[in-house]
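Asker: Below: one structure in structure tokens.
Bear in mind these aren't lab numbers, they're just calculated from the coordinates by the rules spelled out. What you see is a predicted model; the values in this text were computed from it and never measured. We place every Cβ from the backbone using ideal geometry, glycine too, and count neighbours over all the protein chains shown.
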Amino acid sequence: MTAPAARPRPARRALDELSLPVDASLLEGFAAGEPDWLTADRRAAFDAWSSLPGESNLLYTPYIDLRAAQLDEAHIVVRLAPDGASSEGLPADVAGLIEVTDGRLSTVALSAGARDAGVVVRSLLDDLDAVRDELTDVTAIAASDKFAQLTRAAWSQGVLVDVPAGAVIDRPIVVRWAVGSVGQALFTRTIVRVGDGASATVVEEFVAGPHADPTAAQSLFAGTMEVHLGAGAALQVASLQELPTNVVAFEHRAADIGEGASLQWALAQLGGRLVRSRVDNRLVGDRSSVKQVEIVFGSDEQLFDLSSFTTHIGKDTTGDLLSKAALLEKSRTYLKGLITIERSANGTDSFLGEFGMNLSKAARSVAIPSLEIDQPDCRRAMHSSSVGPIDETQLFYLESRGIPPDEARKFIVLGFLEPVVARVPLASAQDRLRELLEEKWIAGTDGVAGEAAA
Amino acid sequence: MTATREIVTDQREKFAFHDDITYLRETSRGLTRATVEEISGFKDEPEWMLQFRLRAFEHFQKRAMPTWTDGLDRIDFDKIVYYRKPSEREEKSWDDVPEQIKATFERLGIPEAERKFLAGVGAQYDSEVVYHSVREELSKIGVVFMGTDQALKEYPDIFKKHFGTVVPPEDNKFAALNSAVWSGGSFVYVPKGVEVPLPLQAYFRINGENTGQFERTLIVVEEGAKVHYIEGCTAPIYATDSLHAAVVEVVALPGSKVRYTTIQNWSNDVYNLVTKRAHAYENSTVEWIDANTGSRKTVKFPAIYLRGEGATADIISVAVAGKGQHQDTGAKAIHLAPNTRSRIVSKSVSKDGGRATYRGQLKVSPGATNVVASVRCDALMLDDQSRSDTYPYIDIQEDDTTMTHEATVGKISADQVFYLMSRGLTENEAQNLIVQGFLEVFTKELPMEYAIEFNRLVKMEMEGSLG
């Protein structure tokens, strides 16, 4: 492959420097027509962005690399023309659907059952004052993260999913972001509020928008998901990221988990050129729990920089985190995990697993599973990690059953990633994910076979 | 089981003493280019060494203080005496050692140890080796074991060939500091095919308030040769902070085997910032057996660069952090060649508000195919005022590496204590026994006398925690 000859070589940058042009005049664009409290919030976040280093945690400073982002020409979306969102097209197996296309609300639909239960799904912009507490909550977005703070300063679209206390919503609510319009830098916030004793399921999809062009200049998408779980609440979130290969994505997820509440994350990272994700789980309430599974299937020159911070604060809390990365071609992952057990957190059970499978000699997998523990009175505090090739014994076994070697390899790799696929709570999304993994396997291994033949 | 219920007494006294020595030569406090020149002048060194020191000094000044570990900003470089010579020349036999210095070592038990099985003693008193004896048999088989300063004069070629090649001055701020002002340490050279039949031992001590100790150890083991080097440290207790910044370089040539054992028990006012690194060539084996119980703060990650095909690295790192202590220790295995293996085992105990940090790196570089590596970290916390951190860095850039890593943190199981108490042990004894069992992976690698001494140290630490 040859790079377009006309494009000038990008300027040499520090590893933690993002090429996106950002200046203070940005805030003036937002201030007109917005409440003062929001302007103040953006201002504070902008100041934090200006002063923070690219990687806030000194532990991980050597493992950040934003040089693949070529966003010098990108422009930050400040204001969009009014939306004409459709309320049609709600699939039968979902409770709600909200779709945002290149920043504009394109679909908002809710099932009658969900509406009757008091569920609200809407754009944050529809009523800012109603979510003022959530929007200004300083713990809702990682305060120490430079790019999370930029998102807080520059968001122009947002989604609210509100499930009132006691409501039990069986079918998933789908939040779909269709992005990738050439040269666009879009920042968004998503707030998910699940009241006391309520339960809900959210499927988040990041897909190519109608104006996406993988061969054009890069675009940026940076979004949050801010989760507030009341006492005894239960939330499952499945996220499927299949962005075009010229999109740089920043994902910032943070959850406050109340007493006895439980949260499950199933995160699949497949697309994008450079993906930087951070999940902050704060187990505040006694007996709260979080289960997080994350998979990466990388190919080409993709870089996945995934951090996960789990803080045990309440008593008898449980954390169970698993990250798996299978890497083709020249793809890279940085899996950075930190479990913190505070002195107040007696009776903690915490596990962090980070596993890698390098399928090519040019792939690179970095795992930094860390622990910081102030309270030894725990049920379990451990992490484990491994990196290995495809298990020859498994391969031999499958081949002995008459499965051709290439097929057998595919089974093993897809099986390695299955823990997340199995947790996607929507059949159509699950099928879609399996299909994507298989497509990616074929594209990635054909490349290798081609090289070998040449 | 017959439980001998020995009354445990605080033996800190035994290690906490200092003598008033008349220092014959010393530099004034603080570090300038002139200090470096002065040290090199005192030692009458060749020009290349002076240039090496100056290059290191310049880097030290430029290099920022590391911020990834805390508390280093408390070191006041201007208050330190960088060179202090306790006696005019190196002594060849024990009888020639000045009485006062000898008395200090008597209390550390060196002569007794030597009578038993010491192959040679390099006793570092403050900043220079004052006493050195090498058994005749070692000289006969061509093994060189002497002070580093002396080796620079007597073996200039071997010295120049390897010195600073494993840890260049630019490696880190404290390696730069050591390279600028180094003094003393041991030099070991084992010729091709020679197996040193007994462990080589060196005792290091710091004496004198605010005396920096910057020893430099260089171990070169030729093809097919084998050696075990042991260092143990004790230091007098002082109220103000002392700095110890050592550099240890090990060159393990093809087919050789090197084991380096350390028991670090500096007094609790010492900042112990050490760079230890080995280069392991084809089919060689390097082992770091490293225990840290003393010091106020230790920052030390014994490293092995597996440079030759088929090389093996084995690192056992043990840390005990008590009141006011931070043991920031760990290990590094850097795989640069195919078919190399590494194993890292780390055990830490934190108590009485102490903090134990495991920081480690496992790296498999492109081209290092068929690597097998494992990292195991276990931490025991004895109370909820203490802290334990685990920061492993795993960076794999090959597709056929087999790497496993596991880490656990926990407290002493109440069931185990209950069981032992039902057998007649006191709670303290039961906990002590459990801690000793937890650290056994280290203790069992020690020569017997060291194992006994180490268990005694652990016991003493445990007593302190509960008394």
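Asker: Let's see if you can work this out: charge +1 on each Lys and Arg Cβ, -1 on each Asp and Glu Cβ, no other charges. What is the dipole magnitude of the protein assembly as shown about its Cα centre, in debye to the nearest 20?
Answerer: Dipole magnitude for the protein assembly as shown comes out near 1180 debye.
Asker: Starting with the fewest neighbours, write out B:Met421, A:Met225, B:Met460 ranked by other beta-carbon atoms found within 10 Å of each beta-carbon.
Answerer: B:Met421, B:Met460, A:Met225
Asker: Once the dipole of region A:1-159 is set up with Lys and Arg at +1 and Asp and Glu at -1 on Cβ about the Cα centre, which of A:Phe30, A:Leu105, A:Ile76 lies farthest towards its positive end?
Answerer: Looking along the dipole axis, the top candidate is A:Ile76.
Asker: Could you calculate the FRET efficiency of B:Lys192 with B:Ser365 from 1/(1 + (r/R0)^6), where r is the beta carbon distance between them and R0 is 41 Å, rounded to 0.05?
Answerer: It comes out at approximately 0.90.
Asker: Over the Cα atoms of region A:240-348, each weighted equally, I'd like the Debye log10 I(q)/I(0) at q = 0.11, 0.13, 0.20 Å⁻¹, rounded to two decimals.
Answerer: Here the Debye-derived log intensity ratios amount to -0.37, -0.50, -0.92.
Asker: While we're looking at this one, here's another question. Under 21 Å from the Cα of B:Lys300, which lysines turn up, not counting those fewer than eight places away in the same chain?
Answerer: B:Lys173, B:Lys276, B:Lys323, B:Lys332, B:Lys347, B:Lys351, B:Lys363
Asker: Where q = 0.14, 0.17, 0.28, 0.32 Å⁻¹, what log10 of I(q)/I(0) comes from the Debye formula for region A:22-66, counting one point per Cα?
Answerer: -0.46, -0.60, -0.97, -1.13
Asker: Here's a follow-up. Per 5 Å bin from zero, what fraction in whole % of the C-alpha pairs of region A:88-238 is there, up to the bin with the longest pair?
Answerer: Reading upward from the zero bin: 2, 9, 19, 21, 21, 15, 9, 4, 1, 0.
Asker: Work out the P(r) tail for region A:323-454: percent of alpha carbon pairs separated by more than 26 Å, whole number.
Answerer: 38 percent
Asker: Here is a follow-up. Over the Cα atoms, compute the radius of gyration (one decimal) and Dmax (the largest Cα-Cα distance, rounded to a whole number) for region A:358-420, in Å.
Answerer: Answer for region A:358-420, Rg first and Dmax second: 17.2, 53 Å.
Asker: Please report A:Glu392, A:Glu407, B:Glu445 as a ranked list, fewest other C-beta atoms within 10 angstrom at the top and most at the bottom.
Answerer: If I rank by nearby Cβ atoms, fewest first, I get A:Glu392, A:Glu407, B:Glu445.
Asker: How large is the Kirkwood hydrodynamic radius of the protein assembly as shown, in angstrom, based on all distinct alpha carbon pairs?
Answerer: 30.2 Å
Asker: Sort B:Phe301, A:Phe187 so that the residue with the fewest other Cβ atoms within 10 Å of its own Cβ comes first and the one with the most comes last.
Answerer: Least to most surrounded, the residues fall as B:Phe301, A:Phe187.
Asker: Let me check the size of chain A from its C-alpha atoms; what are the radius of gyration and Dmax in Å?
Answerer: Both quantities, over Cα of chain A: 21.5, 69 Å.
Asker: Defining a contact as two alpha carbons under 8 Å apart and six or more residues distant in sequence, what relative contact order in percent does chain A show?
Answerer: 10 percent
Asker: Looking at the protein assembly as shown only, what percent of DSSP beta bridges run antiparallel? Nearest 5 please.
Answerer: Beta bridges within the protein assembly as shown, antiparallel portion: roughly 10 percent.
Asker: Next up: Add +1 for every Lys or Arg and -1 for every Asp or Glu among the other residues with Cβ under 9 Å from the Cβ of A:Ala178, and state the total.
Answerer: It works out to a net charge of -2.
Asker: Rounded to the nearest 0.05, what FRET efficiency is calculated for B:Glu463 and A:Ser50 with R0 set to 35 Å and r the Cβ-Cβ distance?
Answerer: It comes out at approximately 0.10.
Asker: Same structure again: If you project the alpha carbons of region B:413-467 onto the principal axes, what extent comes out on each, in Å, largest first?
Answerer: 32, 22, 17
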